[in-house]
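Here's the structure we're looking at; comments come further down.
The values are calculated or read from the model by the stated rules, or taken from the named source; none is laboratory data. Quick caveat: nothing in here was measured; it's all calculated off a predicted structure. Note that we place each Cβ from the backbone using ideal geometry, even for glycine, and neighbour counts take in every protein chain shown.
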């Protein structure tokens, strides 16, 4: 490996506090021999060349413990496992705590010393395609459009647990076609051009949504329905089509009517524009009509459309009886089966069709924001278009633009404007810009002056993009771009000020949604389908509330400058009525979230319904999944891969099916089998600690097999715990472990690449720097931003 | 409990196809599109993937030859037994585990149609191999606007569900244009529809749109070349990919020409993903058949579910996650549940068979002219075993193949041998593929 440090690298190194021990002399031979003895005694029995395959493919033979920096890939593994108390495995002799600390401390010191002397910032790919969320946010930022184009964008492949990893975000014909089609859609909406034909957009009630309560944002006294914003391209007439669930229509088999009169309300921007009356059918025969149409003039721009039912007081009593099963798309325990037995009408779909009799693009805010000049003569047209494109390109490309950037776009403008005029030309130019590689990719070209394999510091402009994609999942705003252009990001104070500003901005909700959403696997809630007969209360609104709780909680720790450890220990959380009911908290109603103090069984993330649900199977808890989750996301040492061929469990061969074994009984078989025991003795007990929470996160004292929950366990390091509270205390004992895990995950997300062993010194530095201030989560975020891998990059092979 | 027979309201099915669409429209457009097409019906190739292994005992017929007794998993396809071929006993050894901890699901998914061991990585050095469907696309796709179409039913927003060390890419797709070029699979019917037929404007506007797309793509090539020059050789791969994508789209616009314009006038597009799983499946299969029928493409790959899928199947009374239940631990009740899922998948596929069989195409039906390879990359999913793979071939490849038998292959012969034969039947001839050792007689 080359030991070259570019001069520019030193500038950054100076910005970072040099670790105090970096200047220490090389390890004394005596110290080395102590560690060698520890290795011989506690590690090499398993981790040798011969037994490597059975020992996590790690051999500690033939690597010199006197020179850890020569093999960071080996020693960083050792540090992680030993520090987390996972090695040596339970049951085998362990070094004394002081010995262990000295050993780990020594390794870290040596590894960090090397990194301080010759940092390796690593290298995120040169081309980093925007993922769906980033693209969507960029479009909002550029045009102020409400439209959600994500369904039309290609899905992103994930690596390292995140969907923003540069190396695997690829392009292909189908993806380019999708980008083209999204770009057409966006430029049309931004300019307010009429679509080639009246278009229809469908907004549908989600399949498992509860429709008996007021939906968020709709007036009190209403029941269910939909509220959405829609961008109307032109001043024109539009048709709103309201469809009810098919059970009310003649085409549905076994459909029934309903005994009361119902009123369907249509609201535009909060104003009731009309209502329809649904006649009762005492004979329970289906009504004639199922679709209601309304045609009305609307101004171009964004309007909020609401469609809902007036809530009938008389229905309330019945609610409480059948509420649990009363869902339009839930029948016989099957989600997705239309339920034809419900006694009241439900909304299915609202379709917006138009424009008809279009009167032009009007004065939609979106258009006015983009079209900043109005050419009065033909001669003024092209200069006007060029100025619009120039402004847009600067923001879209996230850098100052030159004539060479604009010329190809203006070429497209000219070829279209020639016959079809200014608007059409401009629309084509905007479309063209949105499929430009410089918009679709974050581009970090090697500094021309940097020799291959040397480090160089990113420009302020590049740094601005790294910052905004990290903290906002979006492009830099004007203020950030300007700060970069004026060199403010190269000063520690300037950088810190931007980070503070950006975290305070609501756009940093994206960090919570995308980083926490993936790190904590909140996103998986949408796909989680708890077994309906067992958990009839689990529905979309609970799903949404559970996710919201964790997001609000993470946000509060981040923005209130709390310690990252509070993520595990906090005695407060956020609940709405739905979640409060789920948690058994009295007297909290409605859809507003409120901060509540926790007493009793829950505290910290591990008591959140969201996390407890995504780490469960549809019909039961899974100590294995939960244990794996904790290993990976809390302790930062993912479980080793399962062996190549898992032998069938003994009891399975016998086919004992007489009674349902308890979870613990099932797990016992993991540990009875020698091939499985190595890992499962590490994984399962972590999961046992959460056994008091069922598969949707409700507190319980009896498990699936109707036996009292036993939430006790022994950790690999031999320490015993009884129940969640005791377990949590153990996690809190060594704050460095959890804060290192959070930092590692955040680094992957911030850099858009997996971490190398050579990144670990930077991770430790961030944690070390945050320690005196109390390990604030916000300090870890700032630490990532200031770190070598974030600020610098290693040059690749030379350009030819 | 078996809840399969609930009659789906007709409208729900149509809803997928669009608010105002009626199927007759689709029929109406066919002559317009196929008018002037060559006299000899084109051959179509398809590949449909089922994950997490299969209950082998409920799949493999007891007897070889034409008079085999139908098995429980094949039952939903019984109606088509004269148009299908069952092949058993083959293996995909590149999916075998070598040592501990090596992502069995990623490996089998990645090697299904190429017989190549995939590289363990989560980075830009993803590597599998060009798959049979893409070899087919190169030949069969010469005259069609789209060389191939890749479809799936499971959206891939689930995180943390992939195997350690392997990018999720390996299980998100089984179709690879080249070793480093995975092809994404689309789950949204609206997007598929738009790729096939545009966004539904009148012919003149659509032609103008195509012209504009072309001028946009033309000007992109310049940008890409400029970027290409300014970066090092290892970074050029991405821009190469981009450039190839641009050329593919250009080629597609050229090939589309007037015929898509006429198609677009008569079809409206579907909206979003239908709420009911079976509707989604049926709609995607409808689109697959429609793509064949309108000759927009002759090659379609379809992933019914991905490896490691955690979907539960309440439709057939299975509340456990699919992957969990596939590790049945030899418990009878679990085996039965996995078998139910496998059978249900065959039922979904029978919708496609029905559709193809009922679509006249030249002198016969679409099914007669197709070769649809249905299967998975593991036999016993409990053991992650890529041996004794389940395979069903639908169709007669335009007379090149006589379906109707259960072919029992020499045990553990490479599955790639069969892939080569299947490709032969649709006039795509390769010397070898992955670990092939010859050709499998069928």
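Comparison of A:758, A:740 shows that the only residue that is away from every other protein chain (no Cβ under 14 Å) and more than 30 Å from residue A:93 (Cβ to Cβ) is A:758. With respect to the conditions (1) more than 14 Å from the chain's Cα centre (by Cα); (2) modelled with pLDDT under 95; (3) within 24 Å of residue B:273 (Cα to Cα); (4) crowded, with 23+ Cβ neighbours inside 10 Å, residue A:149 lacks only one, and its number is (4).
Yes or no, residue by residue, for (1) without any contact (Cβ under 8 Å) to a residue 12 or more places away in the chain; (2) within 11 Å of another protein chain (Cβ to nearest Cβ); (3) part of a helix (DSSP H, G or I):
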{"position": "A:383", "(1), (2), (3)": "yes, no, yes"}
{"position": "A:393", "(1), (2), (3)": "no, no, yes"}
{"position": "A:406", "(1), (2), (3)": "no, no, yes"}
{"position": "A:414", "(1), (2), (3)": "no, yes, yes"}
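Of the residues screened, residue A:671 is not one that is modelled with pLDDT under 90 and farther than 23 Å from residue A:55 by Cβ. Being part of a loop (DSSP other than H, G, I, E, B), in contact with a helix residue (DSSP H, G or I) (Cβ under 9 Å, 6 or more places away or on another chain) and within 11 Å of chain A (Cβ to nearest Cβ) is the filter here; which residues of region B:102-124 pass it? Answer for region B:102-124, where residues must be part of a loop (DSSP other than H, G, I, E, B), in contact with a helix residue (DSSP H, G or I) (Cβ under 9 Å, 6 or more places away or on another chain) and within 11 Å of chain A (Cβ to nearest Cβ): B:103, B:120, B:121, B:122, B:123, B:124.
The residues of region B:325-359 that are within 10 Å of another protein chain (Cβ to nearest Cβ), in contact (Cβ under 8 Å) with a residue 12 or more places away in the chain and surrounded by fewer than 21 Cβ atoms within 10 Å (Cβ to Cβ), listed by number, are B:327, B:329, B:330. Consider residue A:640 carefully, then state whether it is within 14 Å of chain B (Cβ to nearest Cβ), out of contact with any strand residue (DSSP E or B) (no Cβ under 6 Å at 6 or more places or on another chain) and crowded, with 16+ Cβ neighbours inside 10 Å. Here the answer is yes, as residue A:640 does meet what is asked.
You will find that of A:117, A:182, the residue that is touching a helix residue (DSSP H, G or I) at 6+ places or on another chain (Cβ under 9 Å) and within 13 Å of chain B (Cβ to nearest Cβ) is A:182 and no other. When the criteria are applied in full, residue A:445 meets the requirement of being at the interface with chain B (Cβ under 10 Å from one of its Cβ atoms), outside any helix (DSSP H, G or I) and touching a residue at least 12 places away in the same chain (Cβ under 8 Å).
Residue-by-condition table, conditions (1) more than 25 Å from the chain's Cα centre (by Cα); (2) facing chain A (nearest Cβ under 9 Å):
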| position | (1), (2) |
| --- | --- |
| B:150 | no, yes |
| B:184 | no, yes |
| B:192 | no, no |
| B:217 | yes, yes |
| B:253 | no, no |
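Restricting attention to region A:455-469, does a residue exist that is assigned to a helix (DSSP H, G or I) and free of Cβ contacts under 8 Å to residues at least 12 places away in the same chain? No. Over 21 Å from residue A:89 (Cβ atoms), modelled with pLDDT under 80 and crowded, with 17+ Cβ neighbours inside 10 Å: is that true of residue A:662 in this structure? The answer is yes for residue A:662. Pairing residues of region B:227-249 that are over 23 Å from residue A:452 (Cβ atoms) and more than 7 Å from chain A (Cβ to nearest Cβ) with residues that are surrounded by 16 or more Cβ atoms within 10 Å (Cβ to Cβ) and at pLDDT 90 or above, at Cβ distances under 6 Å and at least 6 apart in sequence or on separate chains, gives B:243/B:224.
On the given criteria, is residue A:447 surrounded by fewer than 19 Cβ atoms within 10 Å (Cβ to Cβ), in contact with a strand residue (DSSP E or B) (Cβ under 9 Å, 6 or more places away or on another chain) and on the phi < 0 side of the Ramachandran plot? Give the derivation first.
Numbers: surrounded by fewer than 19 Cβ atoms within 10 Å (Cβ to Cβ): yes; in contact with a strand residue (DSSP E or B) (Cβ under 9 Å, 6 or more places away or on another chain): yes; on the phi < 0 side of the Ramachandran plot: yes.
Considered against the rule, which asks whether it is surrounded by fewer than 19 Cβ atoms within 10 Å (Cβ to Cβ), in contact with a strand residue (DSSP E or B) (Cβ under 9 Å, 6 or more places away or on another chain) and on the phi < 0 side of the Ramachandran plot, residue A:447 comes out as yes.
Just to check your reading of the model, which residue among A:167, A:221, A:161, A:192 is surrounded by fewer than 20 Cβ atoms within 10 Å (Cβ to Cβ) and either touching a residue at least 12 places away in the same chain (Cβ under 8 Å) or facing chain B (nearest Cβ under 9 Å) (or both)? Result of the check over A:167, A:221, A:161, A:192: A:221. Residue count for region B:200-209 satisfying the condition of being facing another protein chain (nearest Cβ under 7 Å), touching a residue at least 12 places away in the same chain (Cβ under 8 Å) and surrounded by fewer than 21 Cβ atoms within 10 Å (Cβ to Cβ): 2.
Checked across region B:294-305, the condition of being in a helix (DSSP H, G or I) and surrounded by fewer than 23 Cβ atoms within 10 Å (Cβ to Cβ) holds for no residue. Criterion first (without any contact (Cβ under 8 Å) to a residue 60 or more places away in the chain and more than 7 Å from every other protein chain (Cβ to nearest Cβ)) does residue B:212 satisfy it? Taking the combined requirement at face value, the residue does not satisfy it. Only a single criterion out of (1) within 14 Å of chain B (Cβ to nearest Cβ); (2) not in a loop (DSSP other than H, G, I, E, B) is not satisfied by residue A:124, namely (2). Could you list all residues from region A:711-747 that are buried (at least 23 other Cβ atoms within 10 Å of the Cβ) and out of contact with any helix residue (DSSP H, G or I) (no Cβ under 9 Å at 6 or more places or on another chain)? Within region A:711-747, no residue meets the criteria. Looking only at residues of region A:611-636 that are away from every other protein chain (no Cβ under 13 Å) and not in a loop (DSSP other than H, G, I, E, B), we find that the one that is farthest from residue A:745 (Cα to Cα) is A:623.
For residue B:324, the requirement of being at pLDDT 85 or above and out of contact with any helix residue (DSSP H, G or I) (no Cβ under 8 Å at 6 or more places or on another chain) is met.
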